[in-house]
Structures are given as structure tokens and as C-alpha cells.
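S.K.: Can you keep this structure in mind? I'll have questions shortly.
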Amino acid sequence: MEVILTQDVPNLGYINEKVNVKPGYGRNFLIPKGMAILATTTNKKILAENLKQKAFKADKVLNEAQELAKGLENITVKIGAKAAESGKIFGSVNTIQIAQAIKDQFNFDIDRKKIHIDGEHIKELGSYKARIILHKEVQLDINFEVFAE
């Protein structure tokens with residue numbers, strides 16, 4: 001019996017996958033629990049159309065991330081902070097401030113959760129690098145400089 005999985009089933013398959021199972025397992029367990037539907041010709045066509053639309057949307061998101069990455073290449077973000085004469089900052093610089101500085105200086109809106117800094121918080125003046133993860137396939141490093149106001 002061929003069924004199309006509507007959710008991930010351990011040791012069987014993943015969502016939107018066609019699998020062959022024993023008739024009793026399909027009729028008595030998978031279909032009543034909503035884990036699968038029968039793989040009729042109509043359901044196969046619907047599955048093919050859904051997969052095509054998902055691939056189109058995923059491709060569009062990837063292209064948008066690549067275009068944003070091209071705009072962010074080779075930029076240096078400048079972040080002002082109050083600091084002591086020794087170079088220590090009162091407080092710290094975090095991803096929220098980096099995201100706001102990118103928006104103010106370059107007009108790119110980036111979610112702060114996509115920005116990662118080594119060591120989490122910057123507590124001294126100087127130049128640093130931050131990694132921006134725009135998509136699972138599109139990542140880039142940007143330079144940012146913390147200066148005294």
C-alpha cells in the first residue's frame with residue numbers, strides 16, 4: 001500500500017514523502033491518526049504541485065538573501081559608545097546596537113537574532129567582526145568599529 005506522509009514518522013519517512021507500507025499499518029494506524037493519506041492519483045498531483053510551490057518560495061527567499069549579502073559585503077559599521085579614558089565601554093555593544101547601526105547607516109533591515117558576535121558582548125573600543133546568517137546557505141562576516149563618543 002502506497003501512502004503520502006503528512007508528518008514525519010520515525011523509522012518510516014518524512015513529511016510529503018511517498019512510502020510503501022503494509023496495508024494493515026496504513027489503514028489501522030497511519031491514516032486514522034492523520035499521519036498519512038492514500039497515494040491516489042489526485043493526491044499525487046496535489047503533492048507534486050505543493051512541492052513545486054515550496055521549491056519556488058525557497059528559491060525566492062534564497063535569492064533575496066543573496067542580494068542582501070551583496071549589499072552588505074565590504075561594509076564597516078561604526079558604533080559610538082561612551083567610554084572611559086582606558087578604552088573600556090560603559091555597558092557593552094550587543095547585536096541590537098549592531099542591527100540598529102546597520103539600519104541607520106546603510107538602510108538594511110536585519111533581524112538582531114541573525115547577527116552573531118564572538119564572545120556575545122563587546123566591552124572595549126576597537127574593530128571587531130560579526131557574522132550575519134541571512135539563510136542557511138548565505139552567511140557573511142561584516143566589520144564593525146566601536147569608537148568613543
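S.K.: So is ALA58 free of Cβ contacts under 8 Å to residues at least 24 places away in the same chain, hydrophobic (A, V, I, L, M, F, W, C) and surrounded by fewer than 13 Cβ atoms within 10 Å (Cβ to Cβ) or not?
M.R.: In short, yes.
S.K.: Being over 30 Å from TYR14 (Cβ atoms) and either assigned by TED's automatic domain parsing to the domain that holds GLU17 or not hydrophobic (A, V, I, L, M, F, W, C) (or both) is the requirement here; does LYS103 meet it? Before you say what the answer is, go through the steps one by one.
M.R.: Details: over 30 Å from TYR14 (Cβ atoms): yes; either assigned by TED's automatic domain parsing to the domain that holds GLU17 or not hydrophobic (A, V, I, L, M, F, W, C) (or both): yes.
Here the answer is yes, as LYS103 does meet what is asked.
S.K.: Here is a follow-up. Scan the stretch 66-88 and give yes if some residue there is part of a helix (DSSP H, G or I), within 30 Å of GLU17 (Cα to Cα) and under 14 Å from the mean Cα position of the chain (by Cα), otherwise no.
M.R.: The answer is yes, given that some residue of the stretch 66-88 is part of a helix (DSSP H, G or I), within 30 Å of GLU17 (Cα to Cα) and under 14 Å from the mean Cα position of the chain (by Cα).
S.K.: Identify, from the list LYS60, LYS44, LYS129, the residue that is modelled with pLDDT of 90 or more, over 30 Å from ASN20 (Cα atoms), in the same structural domain as ASP8 (by TED's automatic domain parsing) and of a type outside the set (S, T, N, Q).
M.R.: Going through LYS60, LYS44, LYS129 in turn, just one is modelled with pLDDT of 90 or more, over 30 Å from ASN20 (Cα atoms), in the same structural domain as ASP8 (by TED's automatic domain parsing) and of a type outside the set (S, T, N, Q): LYS60.
S.K.: Something else now. Among (1) of a type in the set (D, E, K, R); (2) more than 17 Å from the chain's Cα centre (by Cα); (3) within 27 Å of ILE15 (Cα to Cα), where does GLU124 come up short?
M.R.: Only one criterion in (1) of a type in the set (D, E, K, R); (2) more than 17 Å from the chain's Cα centre (by Cα); (3) within 27 Å of ILE15 (Cα to Cα) is unmet by GLU124, namely (3).
S.K.: Looking at the stretch 62-77 only, could you name the residues that are touching a helix residue (DSSP H, G or I) at 6+ places or on another chain (Cβ under 8 Å) and surrounded by 13 or more Cβ atoms within 10 Å (Cβ to Cβ)?
M.R.: LEU72, ILE75, VAL77, listed by residue number.
The values are calculated or read from the model by the stated rules, or taken from the named source; none is laboratory data. Since this is a predicted model, take the numbers as computed values, not measurements. We place every Cβ from the backbone using ideal geometry, glycine too, and count neighbours over all the protein chains shown.
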